[in-house]
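Remarks on the structure that follows.
The values are calculated or read from the model by the stated rules, or taken from the named source; none is laboratory data. Remember, it's a predicted structure, so these values are computed and weren't measured experimentally. Neighbour counts are summed over all protein chains in view; Cβ atoms, including those assigned to glycine, are modelled from backbone coordinates with ideal geometry.
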């Protein structure tokens with residue numbers, strides 16, 4: 001027995017000394033699947049198409065809760081009781097029967113339930129309820145995608161719930177039920193964008209992540225751009241039809257996604273479900289046509305994968321074995337993680353104020369609501385292209401600061417341009433919204449790169465919640481800006497301009513591989529600091 005025990009100790013010692021040398025899960029997955037094939041790309045694109053339905057639901061209230069135009073009705077040949085200049089923009093002070101809506105009363109919740117004269121609090125209640133639901137859902141559900149349910153199940157459940165809530169909204173009998181269902185829609189919708197973006201980027205290799213992100217932004221734009229067409233086609237019918245015909249395709253898509261999409265192998269590995277992860281990687285490799293020794297079935301790849309999983313599970317055992325909110329605890333236990341999260345959430349809040357507020361204000365810049373919203377939606381197309389370029393070529397910190405400054409300057413220009421020059425004001429608004437959309441996309445990718453797999457979805461969810469909180473503030477500013485544009489466009493410009501300053505508090509992540517555990521991220525951070533110290537030492541030596 002003594003002879004047997006003698007060699008055991010050094011073997012154990014060497015085994016414990018090697019974990020730091022084990023390649024990361026990110027690198028091993030690249031080896032296992034042998035690159036990203038066409039079929040895997042199609043599956044990733046299928047996942048990010050969920051962003052189209054997210055875009056529709058997010059901005060649907062621009063049409064369903066818009067106040068229609070009205071006209072005077074001549075009663076008995078006497079039109080003196082109805083005067084547009086005297087009544088200004090509101091017919092509330094006019095006698096009944098002297099005015100009428102230009103479109104059917106059921107075209108908007110405002111005209112159907114007479115909310116135009118009910119006060120700003122009641123008019124803004126449905127929108128406020130929707131964003132409140134987004135906040136509540138993001139806080140309560142965001143940890144589930146990292147802990148219990150995973151990316152795929154959370155995404156499918158969110159899409160199905162969102163579509164059902166949207167269909168029920170079409171049956172609302174009054175504004176109170178409508179607001180409650182809007183809250184439910186926001187609660188369900190809160191996880192769609194986060195899970196779709198995280199799952200799609202974790203399904204493909206490093207080379208294709210920027211392309212998948214670009215498609216995700218384009219799908220969101222496609223959903224936003226389709227809204228004016230749907231609303232215009234149903235403008236003489238009812239706002240209820242708009243909800244129904246956007247909810248039904250979403251439900252069908254959720255069913256399709258359930259059968260065709262795959263769970264993230266990275267998440268399965270970090271959660272200790274190695275066999276499921278290996279089987280998923282085998283399926284991916286077989287569809288990609290991986291051959292030789294680089295497939296998931298090769299013994300060397302499996303051996304490396306198991307060693308990396310053992311290291312990840314050992315390092316991240318607290319997060320893996322914990323409950324729903326343990327990922328938040330893992331962030332709070334590390335100062336660097338708190339600083340990163342606080343900085344990018346602060347930047348996200350400023351961007352969110354403008355991103356959600358601009359479409360609500362665009363009706364005051366042009367006579368045609370459908371055309372103005374279509375312009376805003378179309379401005380996101382160049383934003384998606386610019387986002388792709390920025391993510392691929394530019395540093396994250398500098399790009400975020402520059403985009404925020406440009407958006408802020410254009411928004412302030414909307415205040416400086418006189419109200420009579422609507423085309424110039426609309427052009428400045430479109431430039432501001434386009435820069436804001438690009439900054440919005442950059443922040444999402446930045447958040448993915450800043451945090452490891454074990455809590456990436458939770459961190460990204462919190463960042464999106466900060467953006468949604470900006471959306472809660474935005475309707476109030478829009479209401480105040482109807483009388484004085486500084487309270488809308490002026491505050492928008494200051495908010496997003498200041499948000500770019502927080503980029504200076506964040507580390508640069510361009511070109512870095514994704515981390516899987518907090519410990520791996522700390523090692524990369526330490527290695528980067530050591531490299532910077534060595535470079536400074538070399539520079540001082542040269543001087």
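For the stretch 220-236, filtering for residues that are more than 16 Å from residue 382 (Cβ to Cβ) and modelled with pLDDT of 85 or more leaves 10.
Considering only the stretch 161-184, I want to know if a residue exists there that is touching a helix residue (DSSP H, G or I) at 6+ places or on another chain (Cβ under 7 Å) and under 30 Å from residue 285 (Cβ atoms). So far as the stretch 161-184 goes, no, none of its residues is touching a helix residue (DSSP H, G or I) at 6+ places or on another chain (Cβ under 7 Å) and under 30 Å from residue 285 (Cβ atoms). So, in the stretch 383-409, of the ones that are at pLDDT 90 or above and buried (at least 24 other Cβ atoms within 10 Å of the Cβ), which residue ends up farthest from the chain's Cα centre (by Cα)? Checking each candidate, the answer is 408. Every listed requirement among (1) at pLDDT below 70; (2) in contact with a strand residue (DSSP E or B) (Cβ under 6 Å, 6 or more places away or on another chain) is met by residue 24 save one, (2). Only helices (runs of 4 or more DSSP H) whose full extent lies in the stretch 446-543 are considered here, and the ones with at least 1 residues that are modelled with pLDDT under 80 and loosely packed, with under 14 Cβ neighbours inside 10 Å are 518-542. Residues in the stretch 90-119 that are surrounded by 15 or more Cβ atoms within 10 Å (Cβ to Cβ) and not in a loop (DSSP other than H, G, I, E, B): 99, 101, 106, 107, 109, 110, 111, 112, 115, 116.
Mind checking whether some residue in the stretch 61-84 is touching a strand residue (DSSP E or B) at 6+ places or on another chain (Cβ under 8 Å), assigned to a helix (DSSP H, G or I), within 30 Å of residue 218 (Cα to Cα) and at pLDDT 75 or above? The answer is no; no qualifying residue exists. Taken residue by residue, the stretch 122-136 has no member that is out of contact with any helix residue (DSSP H, G or I) (no Cβ under 8 Å at 6 or more places or on another chain) and modelled with pLDDT of 75 or more.
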